[in-house]
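The values are calculated or read from the model by the stated rules, or taken from the named source; none is laboratory data. Computed from a predicted structure; not experimentally measured. Methodologically, a virtual Cβ is constructed for each residue, glycine included, from the backbone with ideal geometry; neighbour enumeration extends over all protein chains shown.
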Amino acid sequence: MMLSARNLHAYYGRAHILHGVSLDAGAGEVVALLGRNGAGKSTAMKTIMGLVPPAKGEVSFAGKRIDRLPSYRIARLGLGYVPEERRIFTGLTVMENLSVGRQPARNGAPIWSEDKLFALFPNLGRMRARSGGSMSGGEQQMLTIARTLMGNPRCVMLDEPSEGLAPIIVEQMAQSILALKSEGLSVLLSEQNLHFCQAVADRAYIIEKGQIRFGGTMAELAADAALREQYLSV
């Protein structure tokens, strides 16, 4: 497995958010972490990335324990993270934002250049000199992913990549994730949009109240209407 979490527990202050979360993502695999708002999806990703310290449990990335490492060291190992809030540099241009994310090439990971990223996200290629603050939400989401890819990661975690985007941009985002998979990249994405996940993911986990309630293939999830109704319906 490229990324593996075992029995993760995490807190915000005294609030116990994650209760023994375990999940895996293999090399070249797209895995969805599905759940309603507040289920613990973002906290799980932040805990894996070291932004929220785990109170208990283990995280391994490319065969190395990372659960006690600071976030910057985890990133340097080749684990990319695209937060829900995007957090681009609004005063910098597209090209300048990409330059900020640049890291050296690493073994076992695809190498990304600006031209390769503009082929993946053609919208960005047409606005290279535009400031991040003057872009639409969908364009900012693409830029955030592209900036993360400039670090040449082996695995990328995407937090709610389709949230708040127009349908045509969601479709472009799905095609981009499939392109990342074809490059051999592992992708873990948190989502509420089941249809989006069905288009891109190989496997899925469902999280509810900080606990994993289901783990299996997308086909297994599609065949279980009662499970979807219990944990994913609004």
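Candidates R154, R147, R128, R228: the one that is among the basic types (K, R) and more than 21 Å from D115 (Cα to Cα) is R228. Of the residues making up the stretch 173-195, those that are outside any helix (DSSP H, G or I) and surrounded by fewer than 22 Cβ atoms within 10 Å (Cβ to Cβ) are E183, G184, Q192, N193. I'd like to know if the stretch 159-167 contains one or more residues that are of a type outside the set (G, A, S), at positive phi and in contact with a helix residue (DSSP H, G or I) (Cβ under 8 Å, 6 or more places away or on another chain). Checked the stretch 159-167: at least one residue is of a type outside the set (G, A, S), at positive phi and in contact with a helix residue (DSSP H, G or I) (Cβ under 8 Å, 6 or more places away or on another chain). Taking the residues in the stretch 92-120 that are among the basic types (K, R) and touching a Leu at 6+ places or on another chain (Cβ under 9 Å) as candidates, determine which candidate is nearest to S176 (Cα to Cα). In this case the residue turns out to be K116. Of the listed requirements (1) closer than 22 Å to L120 by Cβ; (2) surrounded by fewer than 20 Cβ atoms within 10 Å (Cβ to Cβ); (3) not hydrophobic (A, V, I, L, M, F, W, C), G216 misses just one: (1).
Does R86 meet the test of being under 20 Å from G133 (Cα atoms), surrounded by fewer than 21 Cβ atoms within 10 Å (Cβ to Cβ) and within 18 Å of the chain's Cα centre (by Cα)? Here the answer is yes, as R86 does meet what is asked. Are any of the residues in the stretch 157-172 surrounded by 13 or more Cβ atoms within 10 Å (Cβ to Cβ), touching a residue at least 40 places away in the same chain (Cβ under 8 Å) and among the hydroxyl-bearing types (S, T, Y)? No, every residue in the stretch 157-172 fails to be surrounded by 13 or more Cβ atoms within 10 Å (Cβ to Cβ), touching a residue at least 40 places away in the same chain (Cβ under 8 Å) and among the hydroxyl-bearing types (S, T, Y).
Condition check ((1) more than 28 Å from V170 (Cβ to Cβ); (2) crowded, with 21+ Cβ neighbours inside 10 Å; (3) under 18 Å from the mean Cα position of the chain (by Cα); (4) at pLDDT below 95) across all residues:
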residue: T43; (1), (2), (3), (4): no, yes, yes, no
residue: K56; (1), (2), (3), (4): yes, no, no, no
residue: F61; (1), (2), (3), (4): yes, yes, yes, no
residue: R106; (1), (2), (3), (4): yes, no, no, yes
residue: I111; (1), (2), (3), (4): no, no, no, yes
residue: S136; (1), (2), (3), (4): no, no, no, yes
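Counting only helices (runs of 4 or more DSSP H) that sit completely within the stretch 37-119, those holding 1 or more residues that are touching a Gly at 6+ places or on another chain (Cβ under 9 Å), touching a residue at least 40 places away in the same chain (Cβ under 8 Å) and basic (K, R) correspond to 41-48. Within the stretch 196-211, the presence of a residue that is at pLDDT below 95 and in a loop (DSSP other than H, G, I, E, B) is excluded. Taking A146, is it over 18 Å from F196 (Cα atoms), free of Cβ contacts under 8 Å to residues at least 24 places away in the same chain, among the hydrophobic types (A, V, I, L, M, F, W, C) and not in a loop (DSSP other than H, G, I, E, B)? The answer is no for A146.
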